[in-house]
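*Asks:* Sharing a structure, written as structure tokens. Questions coming.
The values are calculated or read from the model by the stated rules, or taken from the named source; none is laboratory data. Fair warning: this is a prediction, and the values are worked out from it, not measured in the lab. Positions of Cβ are generated from backbone atoms using ideal geometry, with glycine treated the same way; all protein chains shown enter the neighbour counts. The accessibility values were calculated without ligands, DNA or RNA, using every heavy atom of the protein model including side chains. Shrake-Rupley method; radii C 1.70, N 1.55, O 1.52, S 1.80 Å.
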Amino acid sequence: MLEELRLLIRLQTLDELIKAKEKDKKLIPENLKEIEKNLQASQNKLKSEKERLKQLELKRREKEKYLEELAEKITERKAKLFKVKTNEEYAALLREIEKMKEETSKTEDEVIILLDETEEAQKSIKEIEKQVKEIEELLKKKEKECEELLNKISQEIEELKKERDNILEKLSDDVKRLYEKIKNTRGNAVVRATNQTCMGCFMEIPPQTFLEVKKADKIIQCPFCGRILFFWEEKKEDEEG
Ligand SMILES: [Zn+2]
């Protein structure tokens, strides 16, 4: 086979490999997206749970302040009991004290419920914080793996490009131009000719052209799509051995 044709076939293989590896490189960061999404969700959950805790504590402080006020009022009313002159006034004060005691008991129950809820929120926050930490560690690990993989692929691409440059040095300017031109318009420049058919456009190649392709002593283009052809016949099973 003509050396230039052999080089062109290898050049195309290299271009395909480089293209595939560039595509792999672009896909790598996609692996992190799911983890980043989980992290974001957990961080949001943590934020809202912390806000809930803050509200619970505020509410509890209000209730506790209210309890203090009630206690003061009760003490004050009790002191008044000794100063009243009439039975009616005395009875009215007692009723007031009784009502405030009921209010105190009700508020104390509410404080207990708020305390329970606060404890639950604190527990939940601890769990979510643990979750966030775990996801952060996983993300860090995966980022490192991705980076290593990216470096590896980049290095492989560099090596393929080096080989590509070596081939380009050996090719004439005309052949290089032809290769690039066909590649740019057709996507690939060098294709197999099998069963007298161009594997680029799947048109039947004229017998004379096919013979020339088989001889492989010069560069032959497909008369229909312009791609450079090389002969490659699939071995049939009954022909083997
Ligand atoms: Zn063709």
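*Asks:* Suppose a student asked you for the relative contact order of segment 19-170, using Cα pairs under 8 Å spaced at least 6 residues apart; what percent would you report?
*Replies:* 47 percent
*Asks:* Hey, another quick one. Per-residue ellipticity at 222 nm for the chain, helices alone: DSSP H runs ≥ 4 residues times -39500 (n - 2.57), over residue total, nearest 500 deg cm²/dmol?
*Replies:* One gets -28000 deg cm²/dmol as the mean residue ellipticity at 222 nm.
*Asks:* Additional query: Tell me the Kirkwood hydrodynamic radius of segment 100-241 in angstroms, computed as one over the mean inverse distance between distinct C-alpha pairs.
*Replies:* Every distinct Cα pair counted, the radius reaches 22.4 Å.
*Asks:* Please calculate the 1.4 Å probe accessible area of SER48, with all protein chains present, and give it to the nearest 10 Å².
*Replies:* 70 Å²
*Asks:* In addition: Could you list which residues have their amide H under 5 Å from that of THR197, counting only those 5 or more apart in sequence or on another chain, with H placed in the peptide plane?
*Replies:* When sequence neighbours closer than 5 places are left aside, the close amide H contacts are ILE205.
*Asks:* Here's something else I'd like to know. Roughly what % of DSSP beta bridges within the chain run antiparallel, to the nearest 5?
*Replies:* Around 50 percent of the beta bridges assigned by DSSP in the chain are antiparallel ones.
*Asks:* Quick one: putting +1 on the C-beta of Lys and Arg, -1 on the C-beta of Asp and Glu, what dipole do you get for the chain around its Cα centre, in Debye to the nearest 20?
*Replies:* Result for the chain is approximately 680 debye, rounded to the nearest 20.
*Asks:* Ratio to report: Rg/Rh of segment 29-104, with Cα atoms as the point set and Rh obtained by the Kirkwood method; give two decimals.
*Replies:* 1.55
*Asks:* Using the 4.7 Å Cβ rule, please list in number order the cysteines from the chain without any candidate partner.
*Replies:* So, CYS146.
*Asks:* What value in Å³ per residue do you get for the convex hull of the alpha-carbon atoms in segment 1-54?
*Replies:* 37 Å³
*Asks:* Here is a further query. Determine, for segment 71-111, the count of lysine pairs separated by eight or more sequence positions (or lying on different chains) whose alpha-carbon distance falls under 18 Å.
*Replies:* Taking the Cα cut-off of 18 Å, the pair count is 8.
*Asks:* On to the next question. Percent of alpha carbon pairs in segment 74-146 separated by more than 19 Å?
*Replies:* Pairs farther apart than 19 Å: 65 percent.
*Asks:* In debye, nearest 20, what is the charge dipole magnitude of segment 173-239 about its Cα centre with +1 on Lys and Arg Cβ and -1 on Asp and Glu Cβ, if you could check?
*Replies:* 380 debye
*Asks:* Moving to a separate point now. Dimensions of the chain along principal axes (Cα, Å, largest first)?
*Replies:* Over the chain, Cα extents along the principal axes are 134, 39, 33 Å.
*Asks:* Check cross-link reach from LYS65 to the aspartates and glutamates: straight Cα distance under 18 Å, and skip same-chain residues fewer than eight apart.
*Replies:* Leaving aside aspartates and glutamates fewer than 8 places away in the same chain, those within reach of LYS65 are GLU57, GLU76, GLU102, GLU103, GLU108, ASP109, GLU110.
*Asks:* Can you give the percent of C-alpha pairs in segment 173-239 whose distance is more than 21 Å?
*Replies:* 24 percent
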